[in-house]
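Chemist: One structure, pasted below without further comment.
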Amino acid sequence: MGKLSLATSIERGKNFYHEVLAEVRKTSFPSRQETMGATGVVFVLVILLSLYLALVDMLLSRGMTLILS
């Protein structure tokens, strides 16, 4: 790779900055209602998965206790 002149580097930096701004303007963000709904779904799934893992852990623990005693 050859050395770039300072002017070329600055121009490339400006071009990159403008491209980033153009891409940010294209993005769409979820509404507050959509975000709250998705957060609720995540909370419910975390609770369900935690209960499932606790049940599996309890069953495996009791199974190992029966086998080893």
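Chemist: Starting from the Kirkwood radius over alpha-carbon pairs of the range 6-68, derive D by Stokes-Einstein at 4 °C in a medium of 1.567 mPa s and give it in µm² s⁻¹.
Modeler: Result for D is 77 µm²/s.
Chemist: Further, regarding this structure: Rounded to the nearest 10 degrees, what's the angle between the helix 6-26 long axis and the longest principal axis of the chain, both from Cα atoms, 0 to 90?
Modeler: It works out to around 50 degrees.
Chemist: How far is helix 32-68 tilted off the main Cα axis of the chain, in degrees rounded to 10, range 0 to 90?
Modeler: Helix 32-68 sits at roughly 40 degrees to that axis.
Values quoted throughout were computed directly from the atomic coordinates according to the rules given, and no laboratory measurement underlies them. Being a predicted model, the structure only gives us computed values, none of them experimental.
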